[in-house]
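These notes concern the structure reproduced below.
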Amino acid sequence: AEHRSGLGSLPAYELGAAIGAQVPGARLDAMRVEVTSRGTTDRARLHLQWNDAGRKAGLPDTAFAKGTSTQASSRGVVSAFACHTYESRFYQQIQPTLAELTVAPFVVRSGIGGRYVIAFEDLQQRGAVRFYDADDEAPLAHVQGVIDVLATIHGRFWRSPRFTGDLSWLRTYAQRPGYPFMKHLFTWSDKRFMRQDREVPEPVRKLTRLYVRNQPRFTAVWEAMPATLCHGDCHLGNTFGDVDGRAGIYDWQVFHKMNGLRDFAYFMMHSVPTELRRTHERELLRRYLDGLANNGAGGEAPAFASAWDSYRLLTIDGWMAIVFTIAVGGMQPLPRMEVTAKRAIATMLDLDLLERIEHVLK
C-alpha cells in the first residue's frame, strides 16, 4: 500500500515542482527517502539533489515527509478518526493563519483508508532548531513558549466565524470522526491498561472507571464551553524550539473544535516535569489566560478561578489519551509513554481529580 499512498508515493518531479515553483529552470533530479520512524505514521527525511538552477537558487537539500503507516493497527486508528484528512485540511486551509507557529507544507495529499502523504520544510534548514521527545525534561522557557503558542492559536480562533464558514466541516468533540467508537475503545483500553504491570493509585483507577462509564455527561460539559481551535495532541514531542527561542508546534492529526483549556491541561499533564509543574502551575495558567485575552478572546477569557476548575477537570481527557495509547501499543515507544503516565498520575493526584469528577456526577 505504501507505494500508492505513503512515503513511496511522492515522486521527485511533484516535490520539485512544489518547492522550486518560483525558480526558473529548477529541477529536482533525485530524491532519497530516509525513513526515520514508524508509528501512527511513517516519517522520513528526504534528501534532495537539484540541478544547477536549483542549487544556485539555494533550494533546500532536505525536506521532511510523513505518510500512511506501514503498521495495520496504526492505519486503522488513523482511518477511523480521519486523522489523515484532518491533517491534510489543516495544512491546506488553516496553516497560513498560523504560519509563524508551525511548519510550512510543500505537498499535501490524502485518500481513503487512512492513506496520505505530506511533505514539509525540514525545520533543521532554519538552523539550530531544538526538537523534543515526549519524555524529555523541558526547561521552563520552552514550557512558557508552548503556553504562548496555545494561547495565540486559541485566541485567534476564539468563537471564530470561520466555524460556520470555510471551516464548517470542523466538528465539536462529540461529532469528531470515530467518536461513536470512543466509549467502546475507552472501556477496552481501561481494562487492558489496568491489567498491566504498573503502579496505578486507587483514586486514579476509580476516576478512570467513572469517566469511562459516564463519558456522555462529561462530553456535555466540554461542549458547553466556548469553543476554539484545539491542537488535540499537544505533548512535548509535537513541539520544537525555533532558532529565535520561540516555540512551535506540529502534528495536526487530531485537532478539533473545543475549549482551549483542554490543550492547556493536556500539555501540562503530559509534558511538564512534575516539580516544575508544581512550582509554576498557577503562574502558567495566568500566562495562558493573559495570552488568550490578548490574542482575540478579550474580556471573554475566563477568570482564573473558573479556568482552574476547568483545567482540573479537563486533565481526564489527556489521561484517557495516555491510557488508550499504551493499551493499543505501537503508536509511541512504551518507555516514553511510561514517563508521561507517571507525570499524568502525579498531576491528577495533585489536582484531586477524583473529587472534581465526582462533583460533576452529583
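The values are calculated or read from the model by the stated rules, or taken from the named source; none is laboratory data. Everything numeric here is computed off the predicted structure, so don't read it as measured data. Quick reminder, even Gly has a Cβ in these numbers, built from the backbone with ideal geometry, and neighbours come from all protein chains shown. Side chains included, ligands, DNA and RNA excluded: accessible areas come from the protein's heavy atoms. Shrake-Rupley method; radii C 1.70, N 1.55, O 1.52, S 1.80 Å.
Okay, here's what the table says:
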read-out	value
Unmet requirement for VAL146, which otherwise passes all of (1) in contact with a helix residue (DSSP H, G or I) (Cβ under 7 Å, 6 or more places away or on another chain); (2) open to solvent by 20 Å² or more (accessible area, probe 1.4 Å); (3) over 30 Å from PRO216 (Cβ atoms)	(2)
Whichever residue in segment 76-112 is of a type in the set (Gly, Ala, Ser) and touching a residue at least 40 places away in the same chain (Cβ under 8 Å) and, among such residues, is least open to solvent (accessible area, probe 1.4 Å)	ALA82
Checking PRO226 against (1) open to solvent by less than 10 Å² (accessible area, probe 1.4 Å); (2) touching an Asp or Glu at 6+ places or on another chain (Cβ under 9 Å), the condition it does not meet	(1)
Top-ranked residue of segment 149-163 - restricted to ones that are over 16 Å from the mean Cα position of the chain (by Cα) and touching a residue at least 24 places away in the same chain (Cβ under 8 Å), ranked as surrounded by the fewest Cβ atoms within 10 Å (Cβ to Cβ)	ARG159
Residues of segment 164-182 that turn out to be surrounded by 14 or more Cβ atoms within 10 Å (Cβ to Cβ) and part of a helix (DSSP H, G or I), as a count	4
Residue count, segment 177-192 (criterion: of a type in the set (D, E, K, R) and within 16 Å of GLY318 (Cα to Cα))	2
Residue in segment 315-334 that is more than 18 Å from ALA134 (Cα to Cα), part of a helix (DSSP H, G or I) and open to solvent by less than 30 Å² (accessible area, probe 1.4 Å) present	yes
Top-ranked residue of segment 33-54 - restricted to ones that are modelled with pLDDT of 95 or more and open to solvent by 30 Å² or more (accessible area, probe 1.4 Å), ranked as nearest to GLN332 (Cα to Cα)	HIS47
Any hit, segment 55-66, residues being open to solvent by less than 20 Å² (accessible area, probe 1.4 Å), closer than 30 Å to ILE326 by Cα and modelled with pLDDT under 95	yes
Close pairs from segment 271-286: first closer than 17 Å to ALA344 by Cα, partner open to solvent by less than 40 Å² (accessible area, probe 1.4 Å) and not in a helix (DSSP H, G or I), Cβ under 7 Å, at least 6 apart	SER271/ALA134; SER271/ALA138; SER271/HIS235; VAL272/ALA138; PRO273/ALA138
Residue within segment 115-133 that is surrounded by 21 or more Cβ atoms within 10 Å (Cβ to Cβ), free of Cβ contacts under 8 Å to residues at least 40 places away in the same chain and out of contact with any Leu (no Cβ under 9 Å at 6 or more places or on another chain) present	no
Residue list for segment 302-347, restricted to those being among the small types (Gly, Ala, Ser) and closer than 20 Å to LEU261 by Cβ	ALA303, ALA305, SER306, ALA307, SER310, GLY318, ALA321, ALA344, ALA346
Those residues of segment 141-171 which are among the aliphatic types (A, V, I, L, M) and within 18 Å of VAL339 (Cβ to Cβ), in sequence order	VAL143, VAL146
